[in-house]
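Data block below; observations after.
The values are calculated or read from the model by the stated rules, or taken from the named source; none is laboratory data. Predicted model only: the values in this text are computed from it and were never measured. So basically every Cβ, Gly included, is an ideal-geometry build from the backbone, and we count neighbours across all protein chains shown.
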């Protein structure tokens with residue numbers, strides 16, 4: 001009989017209120033039978049949970065209908081009184097006529113007979129509508145057995161009438177904001193008029209009349225409209241009429257005609273008065289706008305543009321309202337008339353507004369052109385803010401995308417701008433240095449996991465459903481996560497300042513991109529001239545919506561085919577040589593690739609000293625995660641600080657040249673080496689590249705030469721060497737601990753591939769001089785050799801058999817159960833595997849103790865070694881063998897993340913039992 005040692009104790013620790021179930025485990029068949037019972041029970045419970053969840057959603061919907069909504073609390077909506085049998089006409093014919101009249105109003109003139117609603121009950125069509133909104137997969141047809149008297153037409157009609165209320169609620173809110181803008185303009189007008197009659201006027205009467213022309217009249221018109229609309233919305237019913245108010249408002253558009261005709265003169269007068277009178281300039285730039293949330297400051301020029309913006313959007317509101325108004329409703333012809341008047345008025349003034357709007361991007365006959373725009377992260381008082389930055393031929397404009405209101409298009413807010421003629425690249429000494437808030441690697445990886453999961457969900461939905469609503473919702477989530485990743489990932493400062501010394505700091509991820517911005521700005525500074533009024537700035541900011549070339553976060557989700565958005569696998573790159581240098585330099589190269597939408601430095605050659613034709617011939621293996629571009633930067637290594645670049649306040653090596661190439665899947669499909677040349681600033685760098693897809697690079701191939709150590713099972717090697725830990729592991733660890741513990745990026749930075757292959761050959765041939773070779777080699781090559789040994793094991797250190805259990809154990813939510821499961825699984829490894837892992841684990845913890853110097857945290861080390869130690873053989877991998885050789889979806893990324901989490905768990909565990917501890921049970925033993 002099999003004894004479930006520790007099961008009873010663990011059960012009572014977790015569930016003290018219940019007795020542990022009795023299990024008779026006399027044989028392997030009994031264990032399997034008991035496991036099948038558990039699975040069956042779980043399936044039945046899941047069905048019951050789904051039933052209760054449906055019932056809960058129904059009751060929540062019913063309760064929500066009974067409670068006052070947010071809009072009702074704000075505008076004071078009154079619920080339509082329930083109709084009872086006592087309120088109906090006494091005769092059956094009268095009752096039928098009343099019900100038909102009721103349904104006539106609801107159904108756009110179509111009569112639909114239903115039973116009267118009993119007192120205290122909620123209309124079924126409202127519940128069905130809300131249920132369908134809460135559960136997108138439900139249809140009216142599925143709910144029709146519960147509500148047999150309903151049909152799709154009635155639900156659509158009811159939804160349209162409900163939408164009328166929400167559209168009008170939005171109009172009220174919009175009117176409140178607009179009135180607050182007009183009131184902010186009127187506040188300084190009265191004291192200015194009073195001062196104009198004194199001996200020291202700030203402005204003349206004529207200037208005041210010009211600047212504030214027709215503003216009081218506009219305020220009066222919209223105040224009357226708001227005061228009339230509010231009580232009607234508060235006393236709301238589907239029969240409520242508001243069309244007469246909109247018709248009256250449209251008939252008063254002649255006031256807007258006068259305002260628009262005077263608009264250009266008003267703004268020019270305001271600008272001249274600001275230049276002539278500092279006191280008025282201060283008042284004009286700091287007008288307070290009252291709002292329900294807080295008090296915002298706006299300039300008079302910005303506020304004067306509000307009526308112009310209002311009139312150009314007037315037809316949108318009427319379109320929305322008319323769309324949700326039944327043609328049989330009394331409001332319908334009135335709203336049609338108001339819309340016709342508004343459209344005619346808008347078309348008459350558009351011919352005048354459009355040339356003015358376009359002229360705002362033109363200066364004295366010279367075109368202001370957009371050179372580039374990017375999403376960037378700005379550091380504001382220690383916080384990261386996502387910005388859309390536009391570089392024009394004469395200025396740098398930093399904007400923020402406004403939250404998009406219903407029925408409105410994209411709009412930008414100008415945060416600040418700097419004329420290129422006044423822009424300087426700021427150093428730390430020139431500004432108050434704000435420390436860059438660093439984000440933990442764990443958080444970054446968590447975001448990547450979420451992105452990969454959502455992308456997998458999108459692909460699954462594409463295969464299983466024809467509907468687009470679920471996919472649209474997932475794409476929205478994906479956009480949010482990618483925006484967050486873009487916000488949190490960059491840590492490299494790019495500082496600019498205006499002529500007054502006020503500095504602004506952007507955070508970017510790539511030295512390549514930072515150099516690009518500097519080069520374009522410096523080139524443009526040689527030939528730019530600048531002039532920009534407040535009105536032109538407002539117009540320019542508004543035009544950014546049409547001018548932008550980058551419309552969304554630069555991630556893989558924006559590609560047409562989500563499954564082929566980059567390369568996944570390993571890219572071997574040989575940096576051969578450089579030519580075209582005009583003088584002898586100490587030159588080295590750095591390689592960057594994109595991953596999850598931003599660029600990461602992956603490898604660096606050695607410094608080739610005092611040569612005009614450096615010849616490196618160094619090979620690197622770079623892991624690609626949806627990568628599409630390889631960037632190369634050439635740096636001059638400056639030992640003399642006088643020659644070093646100091647643009648960011650830190651002494652750095654100077655970028656001599658930079659270039660990039662697209663990673664073309666069709667070209668790299670060929671497994672042979674591809675030769676290429678990158679030409680940049682007169683310098684040519686020769687490269688060779690070879691790509692290996694994941695499905696090929698992940699294969700653990702046993703070595704044909706069993707006398708070696710690479711590709712040979714670990715138990716065979718330890719038995720041959722009569723040791724518990726393979727000699728190659730011990731020697732590599734000892735050498736790294738001797739001189740590599742403070743090496744920046746140890747285990748992360750790629751070693752030279754040719755050195756790694758030389759060490760591999762030496763260990764396989766049992767070369768006695770291998771220790772001498774290691775002392776002469778770069779420590780990154782030794783770290784690469786150790787990783788290669790574990791990667792080429794025919795079976796992972798955690799074994800193919802136990803790998804699924806480790807992946808399942810790490811997903812447990814209860815910490816006690818997780819520790820018990822993970823530790824018991826670890827102790828169940830074969831002894832050579834276990835002892836070797838514990839030896840490596842202790843080494844990695846010692847490496848992480850120097851994190852302050854080598855920048856390698858426990859999480860960084862888990863990211864590097866997790867897949868190396870856990871990745872199963874091809875036959876046990878979860879990766880589909882039908883995947884394309886070059887491009888794959890993110891299921892592999894999710895598997896890698898799980899492998900990282902397993903190793904990270906053991907690295908963070910305070911203590912792990914020694915291999916000599918008793919291993920009595922593989923079940924839920926607490927005797928650890």
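Structure values in brief
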{"quantity": "Members of the range 437-458 that are crowded, with 17+ Cβ neighbours inside 10 Å and more than 26 Å from residue 491 (Cβ to Cβ)", "calculated": "456, 458"}
{"quantity": "When residues of the range 681-720 are limited to those that are part of a loop (DSSP other than H, G, I, E, B) and under 30 Å from residue 660 (Cβ atoms), the one modelled with the lowest pLDDT", "calculated": "698"}
{"quantity": "Test for residue 761: is it closer than 30 Å to residue 619 by Cβ and in contact with a strand residue (DSSP E or B) (Cβ under 6 Å, 6 or more places away or on another chain)", "calculated": "no"}
{"quantity": "Some residue of the range 857-871 being touching a strand residue (DSSP E or B) at 6+ places or on another chain (Cβ under 7 Å) and modelled with pLDDT under 90", "calculated": "no"}
{"quantity": "Residues of the range 261-292 classified as modelled with pLDDT of 80 or more, buried (at least 20 other Cβ atoms within 10 Å of the Cβ) and within 30 Å of residue 346 (Cα to Cα), total", "calculated": "4"}
{"quantity": "Filtered residues of the range 839-868 (kept if assigned to a helix (DSSP H, G or I), out of contact with any helix residue (DSSP H, G or I) (no Cβ under 9 Å at 6 or more places or on another chain) and in contact (Cβ under 8 Å) with a residue 24 or more places away in the chain)", "calculated": "853"}
{"quantity": "Out of 303, 253, 249, sole residue that is in contact with a strand residue (DSSP E or B) (Cβ under 8 Å, 6 or more places away or on another chain) and at pLDDT 75 or above", "calculated": "303"}
{"quantity": "Odd one out for residue 226, checked against (1) out of contact with any strand residue (DSSP E or B) (no Cβ under 9 Å at 6 or more places or on another chain); (2) at pLDDT below 85; (3) under 25 Å from residue 302 (Cβ atoms)", "calculated": "(2)"}
{"quantity": "Some residue of the range 518-534 being more than 28 Å from the chain's Cα centre (by Cα), surrounded by fewer than 19 Cβ atoms within 10 Å (Cβ to Cβ), at positive phi and touching a residue at least 60 places away in the same chain (Cβ under 8 Å)", "calculated": "no"}
{"quantity": "Selected residue (criterion: farthest from residue 255 (Cα to Cα)) from residues of the range 193-214 that are in contact (Cβ under 8 Å) with a residue 40 or more places away in the chain and over 49 Å from the mean Cα position of the chain (by Cα)", "calculated": "202"}
{"quantity": "Hits in the range 237-263 - residues which are within 16 Å of residue 224 (Cβ to Cβ) and more than 44 Å from the chain's Cα centre (by Cα)", "calculated": "244, 247, 248, 251, 252, 254, 255"}
{"quantity": "Verdict on residue 72 being within 38 Å of the chain's Cα centre (by Cα), surrounded by 11 or more Cβ atoms within 10 Å (Cβ to Cβ) and modelled with pLDDT under 80", "calculated": "yes"}
{"quantity": "Residues within the range 399-425 that are at pLDDT 70 or above and either assigned to a strand (DSSP E or B) or more than 21 Å from residue 371 (Cβ to Cβ) (or both), tallied", "calculated": "16"}
{"quantity": "Scope the range 440-456; condition in contact (Cβ under 8 Å) with a residue 60 or more places away in the chain and more than 18 Å from residue 475 (Cα to Cα); matching residues", "calculated": "440, 441, 442, 445"}
{"quantity": "Per-region count, the range 191-215, residues part of a loop (DSSP other than H, G, I, E, B) and under 20 Å from residue 262 (Cα atoms)", "calculated": "5"}
{"quantity": "Single condition residue 670 does not satisfy, out of (1) outside any helix (DSSP H, G or I); (2) out of contact with any helix residue (DSSP H, G or I) (no Cβ under 6 Å at 6 or more places or on another chain); (3) surrounded by 14 or more Cβ atoms within 10 Å (Cβ to Cβ); (4) modelled with pLDDT under 90", "calculated": "(3)"}
{"quantity": "Residues (farther than 22 Å from residue 753 by Cβ and surrounded by 21 or more Cβ atoms within 10 Å (Cβ to Cβ)) located in the range 600-641", "calculated": "626"}
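The rows are residues; the columns are (1) at pLDDT below 50; (2) in contact with a helix residue (DSSP H, G or I) (Cβ under 8 Å, 6 or more places away or on another chain); (3) assigned to a helix (DSSP H, G or I); (4) more than 15 Å from residue 547 (Cβ to Cβ).
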site: 355; (1), (2), (3), (4): yes, no, yes, yes
site: 373; (1), (2), (3), (4): no, yes, no, no
site: 377; (1), (2), (3), (4): no, yes, no, yes
site: 384; (1), (2), (3), (4): no, yes, no, yes
site: 389; (1), (2), (3), (4): no, no, no, no
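Matching residues to (1) over 30 Å from residue 607 (Cβ atoms); (2) in contact (Cβ under 8 Å) with a residue 12 or more places away in the chain:
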site: 711; (1), (2): yes, yes
site: 744; (1), (2): no, yes
site: 754; (1), (2): no, yes
site: 767; (1), (2): no, no
site: 791; (1), (2): no, yes
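Per-residue answers, yes or no, for (1) in a helix (DSSP H, G or I); (2) in contact with a strand residue (DSSP E or B) (Cβ under 7 Å, 6 or more places away or on another chain); (3) surrounded by fewer than 19 Cβ atoms within 10 Å (Cβ to Cβ):
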position	(1), (2), (3)
472	yes, no, yes
478	yes, no, no
481	yes, no, no
485	yes, no, no
490	no, yes, no
493	no, yes, no
496	no, yes, no
500	no, no, yes
506	no, yes, no
